[in-house]
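Presented below is the structure to which this report refers.
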Amino acid sequence: MKNRKLLMIPGPIEFEPEVLRAMGVQTASHVAPNFIKVFGNCLNAMKKVWLAPHGQPFIVSGSGTLAMDMAAANLIEHGDNALVISSGYFGDRFKDILDRYGANTTILSTEIGGDIALEIIERELKNKKYKLLTMTHVDTSTGVLINPEPIAALAKKYNVISVLDGVCSVAGEEIRQEEWGVDIVLTASQKAIGVPPGLALLVASQDAIDIWKGRKTPVSNYYADWQNWLPIMKAYQEGSPSYFGTPPVNLINALEKSLTLILEEGIPKRIKRHQKLAMDFRKAIQSIGLSILPKTDSIAANTLTAIYYPQGISGGDFLSGMTGNDIILAGGLHPKIKTTYFRVGHMGSVSENDLIAVLSALERVLYKLNYKFELGTSLRVFEEECVK
Ligand code: PMP
């Protein structure tokens with residue numbers, strides 16, 4: 001017995017051994033020349049992963065929520081109109097953050113598991129002059145994937161800053177920040193970026209930086225203020241020492257390694273790998289009569305799958321059964337339906353073998369809980385899809 005559990009939640013994920021080894025080296029001074037180089041490499045690599053060659057990257061110690069906070073704190077002034085397009089729990093969180101900085105926030109919520117028509121968004125943008133809009137690429141609470149490209153185009157048309165919460169998508173779903181004209185794309189380290197929790201990562205367009213520069217009032221969050229961080233990022237990009245708050249040196253070593261691995265795999269190939277694995281996994285799940293939370297496969301995320309428990313199966317029994325079989329999954333998160341579904345993360349270094357392990361344990365657990373299906377079906381379907 002190796003007594004090893006497979007972590008298959010939508011972040012933190014399982015990390016590459018090389019990334020973990022990079023974290024374990026002796027901690028350097030944050031102003032040592034070798035560390036300055038590592039930090040600079042990370043900033044340059046982020047521009048490549050985000051496909052934002054002219055963007056301004058920020059790496060700050062914190063979680064994804066800090067990256068959301070940083071976007072709101074720097075771009076919102078009291079009384080500004082903000083539009084939140086919400087496909088779940090994390091969209092709703094953006095409203096709370098924006099409200100905290102005095103925004104006048106309107107929220108357009110999708111029905112649970114659905115997406116929102118572009119016409120509805122355009123009608124709202126026509127109706128009222130907004131300064132900023134936010135959208136959640138993959139809402140981790142529902143597993144719904146939206147298409148940011150046409151929404152960012154609408155934002156441009158109406159002269160609105162667009163912010164993409166890419167916490168559950170960057171390096172797993174297709175993002176072309178500059179081509180699509182998204183002003184801010186933010187994420188956290190523990191998901192498809194493949195680094196243990198602790199880094200808030202954000203790339204801002206020049207337009208977003210200019211809007212921040214033109215503020216009439218100071219940023220009301222001291223730690224998140226770009227006034228403090230922009231000179232630091234610029235210094236690291238230029239290879240010179242600088243200090244505002246001590247960076248998490250070891251996490252940044254790990255980030256350099258992970259971004260290198262991501263770029264070695266190549267973004268298009270990596271995105272296709274995520275798409276194929278997710279599609280094959282959905283087919284396998286559906287083959288034994290389970291249904292996914294997103295209303296259609298076309299809006300189902302490629303980084304995680306949210307799946308309803310079958311009728312009569314208790315979520316608690318199912319999840320503890322999975323843990324007993326060494327597979328850690330996540331329960332539901334959307335407050336309105338959280339006890340009715342579970343979530344499987346499949347991003348970053350996830351492999352076909354990992355998903356076979358999940359399906360195998362899932363079949364055994366459901367079988368023991370008296371769910372009626374033919375044992376082996378989802379595994380056969382998954383393997384048939386994998387070899388196509
Ligand atoms: N947005 C999305 C889409 C997320 O999935 C998460 C984390 N699950 C967050 C924001 C918040 O990130 P963190 O937990 O790192 O603060």
_Candidate aspartates and glutamates - alpha carbon under 13 Å from residue 368, same-chain residues fewer than 8 apart omitted_ = 317
*Find the centroid of the Cα atoms in region 7-61 and in region 245-311, then give the distance between the two in whole Å.*
19 Å
*Nearest 10 degrees, 0 to 90: helix 352-368 Cα axis against the chain principal axis*: 50 degrees
*Calculate, in nm to one decimal, what residue 61 and residue 238 gain on full extension: separation in residues at 0.36 nm each, minus their alpha carbon distance.*
61.7 nm
*Helix 315-324 sits at what angle to the longest principal axis of the chain, using alpha carbons and giving 0 to 90 degrees rounded to 10?*
90 degrees
*Amide H contacts under 5 Å for residue 341, placed H, 5+ residues apart*: 309, 332
*Please list 69, 115 in order of solvent-accessible area, largest first, computed with a 1.4 Å probe with all protein chains present.*
115, 69
_Through the Karplus equation 6.51 cos²θ - 1.76 cosθ + 1.60, θ set to phi - 60°, convert the phi angles of region 126-134 into ³J(HN,Hα) values in whole Hz; use x for Gly and Pro._
6, 5, 9, 7, 9, 8, 8, 10, 10
_Give me a comma-separated list of calculated 3J(HN,Hα) values for region 203-217, in order, Karplus coefficients 6.51, -1.76, 1.60 applied at θ = phi - 60°, integers in Hz, x for any Gly or Pro._
10, 10, 6, 4, 4, 5, 5, 5, 5, 4, 5, x, 4, 9, 10
*Tell me which residues come under 5 Å, amide H to amide H, from residue 105 once H is placed; ignore anything under 5 positions away on its chain.*
82
_Separation between Cα centres of region 112-156 and region 316-337, rounded to whole Å_ = 30 Å
*Shape call, region 17-265: gyration tensor on alpha carbons, a/c limit 1.5*: prolate
*As a check on your grasp of the helix formula, calculate [θ] at 222 nm for the chain: sum -39500 (n - 2.57) over DSSP H runs of n ≥ 4, divide by the residue count, round to the nearest 500.*
-13500 deg cm²/dmol
*Go through region 26-31 residue by residue and turn each phi into a ³J(HN,Hα) via Karplus (6.51, -1.76, 1.60, θ = phi - 60°); whole Hz please, and just put x for glycine and proline.*
3, 6, 8, 5, 6, 10
*Of all DSSP beta bridges in the chain, antiparallel share, percent nearest 5*: 50 percent
*With Cα atoms, 0 to 90° folded angle of helix 267-287 axis to the chain main axis*: 30 degrees
*Counting only heavy atoms of protein chains, what accessible area per residue, in Å², does region 17-265 have with a probe of 1.4 Å?*
38 Å²
_For residue 204, residues with placed amide H under 5 Å, excluding near neighbours_ = 56, 58
*Given the protein chains as shown and a 1.4 Å probe, how many square angstrom of residue 385 are accessible, to the nearest 10?*
20 Å²
*What pairs in 295/338; 157/276; 95/257 have C-alpha atoms more than 24 Å from each other?*
157/276; 95/257
*Quantify, in whole percent, the carbon and sulfur part of the accessible surface of the chain (1.4 Å probe; protein heavy atoms only).*
52 percent
*Output the peptides 340-348, 274-282, 258-266 sorted from most to least packed, where packing is the average of other Cβ atoms within 10 Å over each peptide's residues.*
340-348, 274-282, 258-266
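The values are calculated or read from the model by the stated rules, or taken from the named source; none is laboratory data. Since this is a predicted model, take the numbers as computed values, not measurements. Glycine also receives a Cβ, built like all others from the backbone with ideal geometry; neighbour counts cover every protein chain displayed. We work out accessible area using only protein heavy atoms, side chains counted, and drop any ligands, DNA or RNA first. Shrake-Rupley method; radii C 1.70, N 1.55, O 1.52, S 1.80 Å.
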